[in-house]
1. List every residue pair whose Cβ atoms lie under 9 Å apart, where the two residues are 6 or more positions apart in sequence or sit on different chains, the first residue falls within segment 25-44 and is among the polar types (S, T, N, Q), and the second residue, located anywhere, is modelled with pLDDT of 80 or more and outside any helix (DSSP H, G or I).
2. Please work out if Gly17 is out of contact with any Gly (no Cβ under 9 Å at 6 or more places or on another chain), modelled with pLDDT of 85 or more and loosely packed, with under 10 Cβ neighbours inside 10 Å.
3. Looking at segment 1-24, which of its residues are of a type outside the set (A, V, I, L, M, F, W, C) and touching a residue at least 12 places away in the same chain (Cβ under 8 Å)?
4. Run His18 past the list (1) of a type outside the set (Phe, Trp, Tyr); (2) under 10 Å from the mean Cα position of the chain (by Cα); (3) not in a helix (DSSP H, G or I) and report the number of the one that doesn't hold.
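The values are calculated or read from the model by the stated rules, or taken from the named source; none is laboratory data. Computed from a prediction, not measured in an experiment: that's the story for all the values here. As a convention, Cβ positions derive from the backbone with ideal geometry for all residues, glycine included, and neighbour counts pool all protein chains shown.
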Amino acid sequence: MWLNAGVSETLVARWAGHSVAVLKKIYVKCLVGEEERAKKQIAEAYGRHGHG
């Protein structure tokens, strides 16, 4: 849930008591919509800076 909310994997791993590698191995199946969220963040960043 934290990863889907956009919390950094480093922080989530620390909270869970795992390394990032272990976190990804265990929770990768839980990530939903990551690609769409990334594309939206990129588009918003370009919009804020007058690009595109």
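1. Sorted first by the residue in segment 25-44, then by its partner, the pairs are Gln41/Gly6.
2. yes
3. If the condition is that a residue be of a type outside the set (A, V, I, L, M, F, W, C) and touching a residue at least 12 places away in the same chain (Cβ under 8 Å), then Asn4, Gly6, Glu9, Lys24 are the ones that fit.
4. (2)
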